[in-house]
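Novice: One structure, as structure tokens, below. Some questions next.
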Amino acid sequence: MTDVLTPVQRRLNMSRIRGKDTEPEMLLRRGLHARGFRFRLHRRDLPGRPDLVFPHFHAVIFVNGCFWHGHDCPMFKLPATRPEFWAAKIGSNRTRDALALESLSKEGWRSLVVWECMLRGPARLPVDEVVSLVIKWLECE
């Protein structure tokens, strides 16, 4: 028996990775909603399809996974298997993120990135604290 996945198995595993409604995103959404904030989800007409859109504040929030977006934190580790592929994949994700943030800024939107490690992992903060920080950011001009 081998630990190597066939291309079909690899595709099936990758298809289970969610791009929206992730655990960190849901924690933040529940916390903001409980405090009376209303928002739109994953608006396709905005660059990068932000996770949370606050039209009233003209602000958007991305909840990024540390692995998929190459965050420089203890939760990110480049896989030993196929490192060239993963480096290219994560590099293109970072480039796409930067372009989306730049486009949003040019359109007059304020952007915030909340990293997965803020809500999960060994260095996480209490959810209420993260929600409070996001609210402070939303309410400041």
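Novice: Measuring from label point to label point, each 7 Å out along Cα→Cβ, what is the residue 42 to residue 137 span in nm?
Specialist: In this crude spin-label approximation the distance works out to 2.1 nm.
Novice: Compute the distribution of all C-alpha to C-alpha distances in the chain, in bins of 10 Å from 0, and list the percent of pairs in each, rounded to whole numbers.
Specialist: 10, 37, 35, 14, 4, 0
Novice: What FRET efficiency comes out for the pair residue 84/residue 20, r = Cβ-Cβ distance, R0 = 35 Å, nearest 0.05?
Specialist: Numbers: r = 28 Å, r/R0 = 0.81.
FRET efficiency, residue 84 to residue 20: 0.80.
Novice: Mind checking the angle between helix 127-139 and the chain's longest principal axis? C-alpha axes, 0 to 90 degrees, to the nearest 10.
Specialist: The helix 127-139 is inclined about 50 degrees to the chain.
Laboratory data are not the source of any read-out in this text; all were calculated from the coordinates shown. Fair warning: this is a prediction, and the values are worked out from it, not measured in the lab. Every residue, glycine among them, receives a Cβ derived from its backbone with ideal geometry; neighbour counts consider all protein chains shown.
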